[in-house]
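A short write-up of the structure that comes next.
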Amino acid sequence: MGSGTLQYWLKELRNECQNNPYIEAAAMYFEESKKLILENRELKKENEFLKKAAAFFAKEIE
């Protein structure tokens, strides 16, 4: 197989991927999912910190 053939196929595949609404939607959902996973991770850390702070202050009150 010649390098020109491979380059042609890659060019065609890139064009197909850029014009495919399914791939575009999937990429959008992937990015949204990634954002939500990171946000969830951060909220869990904050929640753990608040639990520890509440326990600390509960001991101080007693």
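The values are calculated or read from the model by the stated rules, or taken from the named source; none is laboratory data. None of these values were measured; they are calculated from a predicted model. Counting neighbours? That spans all protein chains shown, and the Cβs are built from the backbone with ideal geometry, glycine included. Please note that ligands, DNA and RNA were not included when accessible areas were found on the heavy atoms of the full protein model with its side chains. Shrake-Rupley method; radii C 1.70, N 1.55, O 1.52, S 1.80 Å.
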Restricting the range 1-19 to residues that are aliphatic (A, V, I, L, M) and more than 27 Å from the chain's Cα centre (by Cα), which is surrounded by the most Cβ atoms within 10 Å (Cβ to Cβ)?
LEU6
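What do you reckon, is GLU31 free of Cβ contacts under 8 Å to residues at least 60 places away in the same chain, open to solvent by 90 Å² or more (accessible area, probe 1.4 Å) and part of a helix (DSSP H, G or I)?
No.
For the range 23-58, which positions are small (Gly, Ala, Ser) and under 30 Å from LEU13 (Cα atoms)? Lay out the reasoning, then the answer.
Within the range 23-58, the first condition is being small (Gly, Ala, Ser), and the residues that meet it are 25-27, 33, 53-55, 58.
Once the filter is applied, which keeps residues that are small (Gly, Ala, Ser) and under 30 Å from LEU13 (Cα atoms), the range 23-58 yields ALA25, ALA26, ALA27, SER33.
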